[in-house]
Amino acid sequence: MEHMHFLNIYGFEITVFPKVYCPSDDSFMFCDVVMSLNKKYECGLDVGCGCGILSMLLTRVCKHVVAIDISGTATRNTWYNVKLNSTRHKVSVVRGNLTDPFKSSTFDFIVFNPPYLPIDKCDLYVDEEERIAWCGGVNGRLIIDRFLNTFSRVLRKNGELMFLQSSLSDLQKTLEKLHEMGFEASVIFEKSFFFEKLYLIRVVRRWN
């Protein structure tokens, strides 16, 4: 039988539904950085919201937050936690793929904790809805590359993006791609774990 998980993160009570990614080291690392921000934003976007913890933390720095996930279970889970923590006046939840549903230049702050782990043949036997929360394809870049090709359309002129990447999915390729697109990209935080290193990348437009 699958069970729910219950967490308290920065004062938010979080229930994690079965088949939804349970916050782990990568999530906590991202949460810590968001909570350290002293800048304020108009409209934030949490791509791949999962259980919604980043969406709710964004309410501390954004006037309004939009949470999106391709999984119906994840969007229901986020909405449950949004209501549980009395943040529904600041958070909208959308089911959709990456940034596809949104108009151009909508957000001035985007966060994304993508599925980045390379797939193994054994992983094909894992339930598909669970797998999409962490599986990044053969080389770990499937979702990252799709996102890099779409996010700039919805990012405002002076907006910024923060997203997480693993050492398992070619950090240098990501930084080079962003530079070619006209962005400044830098690693603002990194942490080593037993089989990988995680990097939090900050991205802003490069102005000449």
Distance-filtered residues of segment 174-191 - backbone nitrogen under 13 Å, label point 7 angstrom along Asp32 Cα→Cβ: 189-191
MRE, 222 nm, helices only [DSSP H, n ≥ 4, -39500 (n - 2.57), over the chain, to nearest 500]: -7000 deg cm²/dmol
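So, R0 is 25 Å and r is the distance between the beta-carbons of Glu180 and Ser24; what FRET efficiency does that work out to, to 0.05? Please report the intermediate quantities before stating the final value.
Working: r = 32 Å, r/R0 = 1.27.
FRET efficiency, Glu180 to Ser24: 0.20.
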Net charge over other residues, Cβ less than 15 angstrom from the Cβ of Leu98 (K, R count +1; D, E count -1): +1
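Diagonalise the Cα gyration tensor of the chain and give the resulting equivalent ellipsoid semi-axes, square root of 5 times each eigenvalue, largest first, whole Å.
Numbers: eigenvalues 113, 96, 50 Å².
Ellipsoid semi-axes (Å, largest first): 24, 22, 16.
Select from segment 156-205 those chymotrypsin sites (Phe, Trp or Tyr not before Pro) which occupy a DSSP coil region and have at most 14 other Cβ atoms within 10 Å, ordered by residue number. The partial results should precede the final answer.
Values: sites: Phe163, Phe183, Phe189, Phe193, Phe194, Phe195, Tyr199; in loops: Phe193, Phe194, Phe195.
Passing sites in segment 156-205 are Phe193, Phe194, Phe195.
About its Cα centre, how strong a charge dipole does segment 138-208 have in debye, to the nearest 20, once Lys and Arg get +1 and Asp and Glu get -1 at the Cβ?
Details: 12 positive and 8 negative charges, 60 e Å.
Approximately 280 debye in magnitude.
Can you tell me the length gained on complete extension of the stretch Arg88 to Ser192, counting 0.36 nm per residue apart and subtracting the Cα distance?
Working: separation 104, 0.36 × 104 = 37.44 nm, distance 3.51 nm.
Full extension from Arg88 to Ser192 adds 33.9 nm.
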Rounded FRET efficiency, nearest 0.05, which uses the C-beta distance separating Asp170 from His64 and R0 of 30 Å: 0.30
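Starting from the Cα-Cα distance between Arg76 and Ser105, subtract it from 0.36 nm times their residue separation and give me the gain in nm to one decimal.
Working: separation 29, 0.36 × 29 = 10.44 nm, distance 2.64 nm.
The span from Arg76 to Ser105 would gain 7.8 nm if fully extended.
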Electrostatic dipole magnitude of the chain [Cβ: Lys, Arg +1; Asp, Glu -1; Cα centre; debye, to 20]: 940
Alpha carbon centroid spacing (whole Å) that separates segment 71-107 from segment 34-61: 11
Inter-label distance, nm, simple model (7 Å from Cα along the C-beta direction), Arg146/Arg206: 2.8
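Values in this text are rule-based calculations from the coordinates and carry no lab data. Since this is a predicted model, take the numbers as computed values, not measurements. Counting neighbours? That spans all protein chains shown, and the Cβs are built from the backbone with ideal geometry, glycine included.
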